[in-house]
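Following: one structure in structure tokens, then a few remarks.
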Amino acid sequence: DSEADWKDMLRLESRLSEEEVMIKNAAAQFAESELMPQVLKGFRQEHFDKGLFKAMGSAGLLGSFIEGYGCAGVSATSYGLIAREVEKVDSAYRSTLSVQSSLVMHPINLFGSQEQKERFLPRLASGELVGCFGLTEPDHGSDPSGMTTRAVDKGDHFTVSGAKNWITNSPIADLCLVWAKTDTDGKVRGFLVERGMEGLATPKIEGKFSLRASPTGMIQLDEVKVPKGNVLPGVVGMRGPFACLNSARLGIAWGAWGAAESCLDTTRRYTLDRQQFGRPLAANQLVQQKMANALTEITIGLNSVLQATRMKEAGELHSNVISMMKRNSCSKALDIARICRDMLGGNGIVDEYHVIRHVCNLEAVNTYEGTADIHSLVLGRALTGIPAFK
Ligand code: TGC
Ligand code: FAD
């Protein structure tokens with residue numbers, strides 16, 4: 001059998017530049033040789049390996065789409081291809097990549113002062129510093145604009161107080177980008193809160209069944225003194241965090257398909273090998289139909305994400321399309337992972353087959369960065385003109 005016959009039926013690769021193909025292959029090689037050998041330990045023991053994070057930096061994977069400051073300056077499509085290869089191994093590694101690149105480095109690059117860019121970007125690119133992004137609060141998840149974290153102007157600094165919840169990598173972060181409302185005008189601004197500032201705590205959330213290879217925690221701020229030089233000068237209002245989310249969500253739309261591809265690959269090999277009733281499971285029509293459905297969704301899904309990303313590169317992408325892509329990729333990847341899990345029978349629940357890990361991970365991926373429901377409502381608003389959120 002030839003993989004070429006089924007793996008890329010719409011010839012996505014023919015629409016990539018030579019450089020993009022090279023980057024995709026290099027990311028695949030990195031994921032296979034560096035990430036894959038670590039992933040079972042990462043998931044079983046909730047182990048985050050800082051050495052691995054630095055290796056991601058050395059490989060040029062962190063903030064890859066940024067020009068200068070030690071970053072690779074590659075296309076948005078290359079960023080998506082990297083996310084896809086990394087998430088073939090594990091969504092937690094891709095989450096770490098998304099947060100560092102789109103949610104921490106991107107806003108510093110877009111909205112930071114020259115001094116902030118020089119101070120933080122090179123060390124975030126190399127993996128020396130781990131960043132995190134604090135938007136969600138205990139009482140404001142889907143409605144972040146209701147946030148209550150406050151920054152009080154004290155002349156040369158602000159004091160920031162409040163709590164952020166569900167923050168990827170907060171327990172190990174060196175730098176927390178915290179979104180808070182200032183007391184003077186009630187508008188949202190970005191605060192670069194550094195590890196070691198008095199009044200900052202980042203407790204870990206225990207008992208997660210999902211994304212166990214990256215820690216998730218809170219950011220607790222008790223009158224943390226943040227110098228004015230650590231406030232992002234270039235943005236006021238919810239446009240700031242949403243600009244970050246637009247970049248991250250498109251990367252996730254690529255990445256989730258990577259997880260689905262990995263599940264389908266494993267399932268195809270497994271059902272070809274496993275004999276029941278005297279013949280391979282793959283010889284059964286029901287099994288073939290399930291795999292055909294998965295392949296169809298993955299193939300069409302990846303090609304639509306490429307089209308959206310090309311629109312982004314041309315400056316023509318509306319955030320409604322990003323909502324469509326994020327929701328479609330994540331919900332369908334989750335469905336595919338669950339169906340693949342079933343086709344592996346008992347082995348499907350064992351982590352050495354990797355599929356159950358993808359199922360557990362994709363549950364969170366379908367929830368964070370805007371739940372599938374919230375993206376439905378964004379599309380509903382686009383269709384009807386009526387915002388149904390409240
Ligand atoms: P509202 O809050 O009323 O609007 C405020 C302003 O923001 C604008 N806006 C956007 N701008 C650009 N791109 C977008 N995607 C935007 N969405 C909203 C909006 O136009 C408005 O601008 P202005 O100038 O008129 O003030 O928001 P809304 O009513 O437009 O939207 C509501 C809703 C529900 C869509 C929004 O609140 C939302 O997206 N909620 C979901 C929350 C979310 O995604 N949180 C993510 C947290 S970070 C995370 O999960 C990281 S996971 C990391 C990992 O490990 O990968
Ligand atoms: P809620 O908003 O309480 O939603 C609960 C349910 O109600 C969902 O099904 C939702 O779709 C539904 N719902 C809510 N409102 C409506 C409505 N109007 N109509 C219909 N249904 C509705 N946040 C960060 O800021 N930074 C991070 O790094 C980060 N990392 C995360 C990592 C993990 C592992 C997880 C699980 C979350 C992370 N998040 C992060 C938070 C994430 O963005 C939120 O969990 C998400 O936005 C949903 O918020 P919530 O959990 O409060 O759910």
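Bear in mind that the values in this text are calculations on the coordinates, not laboratory data. Just so we're clear, the structure is a prediction, and the values are computed from it rather than from any experiment. Note: ideal-geometry Cβ built from the backbone for every residue, glycine included; neighbour counts use all protein chains shown.
Observations, loosely collected:
- Set Ile322, Ile339: member being surrounded by fewer than 22 Cβ atoms within 10 Å (Cβ to Cβ), part of a helix (DSSP H, G or I) and more than 13 Å from ligand 2 (Cβ to nearest atom): Ile339
- Condition met for Leu121 (buried (at least 17 other Cβ atoms within 10 Å of the Cβ), away from ligand 1 (no atom under 16 Å from the Cβ) and not aromatic (Phe, Trp, Tyr)): yes
- Residues in segment 166-192 that are away from ligand 1 (no atom under 16 Å from the Cβ) and without any contact (Cβ under 8 Å) to a residue 60 or more places away in the chain: Asp174, Asp183, Thr184.
- Scanning segment 360-372 for residues that are among the hydrophobic types (A, V, I, L, M, F, W, C) and either surrounded by 24 or more Cβ atoms within 10 Å (Cβ to Cβ) or in contact with an Asp or Glu (Cβ under 8 Å, 6 or more places away or on another chain) (or both) returns Leu362, Val365.
- Within segment 359-387, being among the small types (Gly, Ala, Ser) and within 10 Å of ligand 1 (Cβ to nearest atom) holds for Ala364, Gly370.
Table: residues versus (1) away from ligand 2 (no atom under 11 Å from the Cβ); (2) under 27 Å from Ala337 (Cα atoms); (3) buried (at least 21 other Cβ atoms within 10 Å of the Cβ).
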| position | (1), (2), (3) |
| --- | --- |
| Val86 | yes, yes, yes |
| Tyr93 | yes, yes, yes |
| Thr96 | no, yes, yes |
| Ser126 | yes, no, no |
| His157 | yes, no, no |
| Val178 | no, no, yes |
| Lys181 | yes, no, no |
| Asp185 | yes, no, no |
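- Candidates in segment 100-115 are the residues that are within 26 Å of Ser214 (Cα to Cα) and more than 13 Å from ligand 1 (Cβ to nearest atom); of these, the one that is surrounded by the fewest Cβ atoms within 10 Å (Cβ to Cβ) is Asn109.
- The set of residues from segment 226-266 being more than 20 Å from Asp90 (Cα to Cα) and free of Cβ contacts under 8 Å to residues at least 12 places away in the same chain comprises just one member, Arg239.
- Scan of segment 232-261 for residues that are surrounded by 24 or more Cβ atoms within 10 Å (Cβ to Cβ) and polar (S, T, N, Q), ordered by number: none
- Selection within segment 195-251 - in a helix (DSSP H, G or I) and away from ligand 1 (no atom under 12 Å from the Cβ): Lys228, Gly229, Asn230
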